[in-house]
1. Residue check: is residue 137 polar (S, T, N, Q) and within 17 Å of the chain's Cα centre (by Cα)?
2. Taking the stated definitions as given, is residue 183 of a type in the set (D, E, K, R), more than 24 Å from the chain's Cα centre (by Cα), at pLDDT 95 or above and at negative phi?
3. Condition check: touching a helix residue (DSSP H, G or I) at 6+ places or on another chain (Cβ under 9 Å) and more than 20 Å from residue 224 (Cβ to Cβ). Does residue 99 satisfy that?
4. Show the residue pairs that are 6+ apart or on different chains and have beta-carbon atoms under 9 Å apart, the first residue being within the range 135-158 and among the aromatic types (Phe, Trp, Tyr), the second being assigned to a helix (DSSP H, G or I) and surrounded by 17 or more Cβ atoms within 10 Å (Cβ to Cβ).
5. Just to check your reading of the model, which residue among 208, 246, 234 is modelled with pLDDT under 95 and among the hydroxyl-bearing types (Ser, Thr, Tyr)?
6. Could you tell me which numbered condition residue 194 fails, if it satisfies all but one of (1) in contact with a helix residue (DSSP H, G or I) (Cβ under 9 Å, 6 or more places away or on another chain); (2) part of a strand (DSSP E or B)?
7. Consider the range 80-94. How many of its residues are part of a loop (DSSP other than H, G, I, E, B) and touching a residue at least 24 places away in the same chain (Cβ under 8 Å)?
Amino acid sequence: MGTIRTRLQSLWWSLIDCVSNWWQRLRDLPGRRKAAGAGAVAVLVGAVVAVAVLAGPDRSEPAPNPARMAVVTNGDLPANLWTGWTETPIAGPPAVAVTPAGASAVPEACVPGGQLQQQVQHLGVDGPLWAGTAFVNVALGARAETMIAANDGDINRAVDTWSAACGQARVNLGESTVDVQVKQLPVNASAYRLKAARVVAQTVTPTTPNAEAESSTLTAVGRSGGYVSYVTLTFPGPVNDDAIVTLDTLWRAQAAKLIAYQQTGEL
């Protein structure tokens, strides 16, 4: 049956044709009949204007986000390496970390939510096109996120600066103190068909008795053309081989899907 907008557009063109025919006939009418005919044409013109307003730009559905098609979901991941994860589309770019009230660090630049950490996080959330998926594995107590963002941020500079300055830091959170280690892991960008790539391991170890257990976050950042693929994995305990394999599985799939959509011209 077609949408309301489609039917209005059809009516628009019918009225246009009708007005055109009336003007053709009006030229051949005598004076009094011409005046009456002009009034009828005026009514038709008013109808055309009304239909034009009703059939204006279609705002009933937002334009599709091409980045959303290129972000990884469970269906893109190998079952033998990716089990027990539930997924949720992320509605919009997450906010970068902010420094908690009263927090301090030595070195000072390594406070949580500081500028160096934010510069890395901005790589994954800035840009006019963005999409992301969050994953949770209850059995492992782990959370992962994969995001793609259209920006021209300098991956190497942001990650290298953060890891060089904050390789080892002590953070005071008021009632507790933690040691934070930031370490780059070796990565070959070409193995993921990326122009640039960095992987960082961040481990938080409490120094306060009876505090929460040690936890770690792996962050992988890569560039393909005008897009950044940004993948994180947070889990309890220190970095281990299983965690690295899990991160690699998700990041490799995200890089491959992003590049595939770029090659077809859809991004």
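1. Judged against the criteria, residue 137 is not a match.
2. yes
3. When the stated conditions are applied, residue 99 does not pass them.
4. Listed by first residue and then by second, the contacts come to 135/250.
5. None of the others qualify; the one that does is 208.
6. (2)
7. Selection size over the range 80-94: 7.
Okay, residues lined up against (1) over 22 Å from the mean Cα position of the chain (by Cα); (2) closer than 30 Å to residue 165 by Cα; (3) surrounded by fewer than 16 Cβ atoms within 10 Å (Cβ to Cβ); (4) at pLDDT 95 or above:
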| residue | (1), (2), (3), (4) |
| --- | --- |
| 55 | yes, no, no, no |
| 62 | no, no, yes, no |
| 67 | no, no, no, no |
| 70 | no, no, no, yes |
| 73 | no, no, yes, yes |
| 77 | no, no, no, yes |
| 106 | yes, yes, yes, yes |
| 119 | no, yes, no, yes |
| 125 | no, yes, no, yes |
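The values are calculated or read from the model by the stated rules, or taken from the named source; none is laboratory data. Please read these numbers as outputs of a predicted model, since none were measured by experiment. All Cβ positions, even for glycine, are placed from backbone atoms using ideal geometry, and neighbour counts span all protein chains on display.
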